[in-house]
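Let me begin by presenting the structure, written as structure tokens, before commenting on it.
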Amino acid sequence: MDTPAASAAAAAPATPALRRTLGKWDLTAIGVNQVIGAAIFLLPADVARLVGDWAPLMFLGVGLASLFVALCFAEVGSRFDTTGGPIGPARAAFGRFVGFEVGWMMWFSRVSSGASVINGLAVALGYYWPVLSTGAPRSAIILAVLAGLTWANLRGIKQTSWLVNFFTIGKLLPLAVFIAVGVFFADLSRVVPSGPAPLASMGTAALLLIFAYGGYEVTGIPAGEAANPKKDVPFAFVAVILIVSAVMTLTAAVATGLLPDVGATRTPIADASALIMGAFGALLVSVGSAVSMTGNNMGQLLSGSRTVFALAENGDLPPVFARVHPTYRTPHVAIWFTSIVLVVLALTGSFVFLAAVSAVARLVVYLSACGATMRLRRPDMATRVAPAQFTVPLGPVIPIVAILISSTILAGATSQQLLAGVAALAVGSVLFAVATMGVAKSAA
């Protein structure tokens, strides 16, 4: 006869599970950390060169456009409580293969952009210590930073979230100081457009900004480690877009009001900070940029490893990638794998050839989430997925607008980006075939 202890042992999971400790603000910090990177310190000038004093309004307009897509992520995210973010909705709505391709493209963009950012950090540090920007010292910096971030990721999701929160505050603080001080010195009349909108270049500026706003799609990836994901993930998606839209728009507006010709400089925030706060302002921006890039890599490793874990958990990759550390309760194999690939790309410079893929990869994820929003609403899906805890208003209007926005961006991609994206999808198809055959043999 079975004892209660034996019954409990039989009912216990064979492997440890991920810890559910993330709250809604932890998820929000993860999203904000991924969107606001080093680019914000350069973007106001890049956009101003295209549209002049219409730049602040462009920042605001693209932020609102991004909200349409984020609302779709919020709705589909409210149906799932598993790790992987957009992978679950894509798999449920369009099948296993599409779910794998979405996960593959997400992971691909995480490691390639992460390698690019960590090289940018070496360059930024090289501005003050030139020896760090080349050769063995550069490699040592990249290895040391990634080793530290990997160790933190392995130790536990709570420790990881603390670091992400720290880096998020660390990157927002210099921008907040810049905005709060700069608004008193800015000539706000420069922020008001002085002439007709330059329609010919507004499309190019919009594309640049939409990619700059990207990264919020990772907000729902660690849902399997969230305490109440079906409610907190939708909150986090909306909060991320509102926060980054406010920060980016106000930063661009203050820079435009401080500099007579913001488009004439390559480092607008540093130059404007030096103008009103002297050397301290320039140093503050430099430190903020370095913190921003380090935090961005922390997020890349977090979201990239959880994507690999989710694919393995779904049976689309060998089960070794779904292993959870018995003590730290983190997907340690997926973390090591993602970290090693990131290091190789960063040290060899291979990310330069892969950068073109990131643009299309992001749009594949956007389109899958927007399409899944409408697909999962169908009555025949009611028995296959949980009901949405958050529903986007206005019926199909917002998902359709979001699809049009994403499709427009895709149409504006260069031929190099499109070819690279198709090639990456083709590679994903081969990997899917190989991985699923391997998983099937292991199961047999």
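The values are calculated or read from the model by the stated rules, or taken from the named source; none is laboratory data. Note that the structure is a prediction, hence the values are computed from the model and not measured. Calculation scope for accessible area: heavy atoms of the full protein, side chains included, ligands and nucleic acids excluded. Shrake-Rupley method; radii C 1.70, N 1.55, O 1.52, S 1.80 Å.
3J(HN,Hα) along region 200-205: 5, 10, 5, x, 5, 5 Hz, from the Karplus curve 6.51 cos²θ - 1.76 cosθ + 1.60 with θ = phi - 60°, whole Hz, x for Gly and Pro. Note that the chain presents 41 Å² accessible area per residue, ligands and nucleic acids not counted, probe 1.4 Å. For the residues 360, 117, 422, a GNM of the chain with alpha-carbon springs under 10 Å puts the largest fluctuation on 422. Entry note, the chain: the mean residue ellipticity at 222 nm calculated from DSSP H runs of n ≥ 4, each adding -39500 (n - 2.57), is -25000 deg cm²/dmol after division by the residues and rounding to the nearest 500.
Under the definition of Cα pairs under 8 Å and six or more residues apart, what whole-number percent is the relative contact order of the chain? RCO, the chain: 34 percent.
For residue 194, the solvent-accessible surface with a 1.4 Å probe is about 100 Å², rounded to the nearest 10. Using 0.36 nm per residue and subtracting the Cα-Cα separation, the extra length available between residue 183 and residue 200 on full extension is 3.1 nm. Largest first, the three principal axis extents of the alpha carbons in the chain are 83, 52, 43 Å in whole numbers.
The aspartates and glutamates whose alpha-carbon is closer than 19 Å to the alpha-carbon of residue 158, local same-chain residues fewer than 8 away aside, are 26, 81, 225, 232. Between the amide H of residue 22 and those of 226, 227, distances stay under 5 Å, these residues lying 5 or more places away or on another chain, with hydrogens modeled in the peptide plane.
For region 255-397, carbon and sulfur atoms together expose 67% of the accessible surface, with a 1.4 angstrom probe and every protein chain in place.
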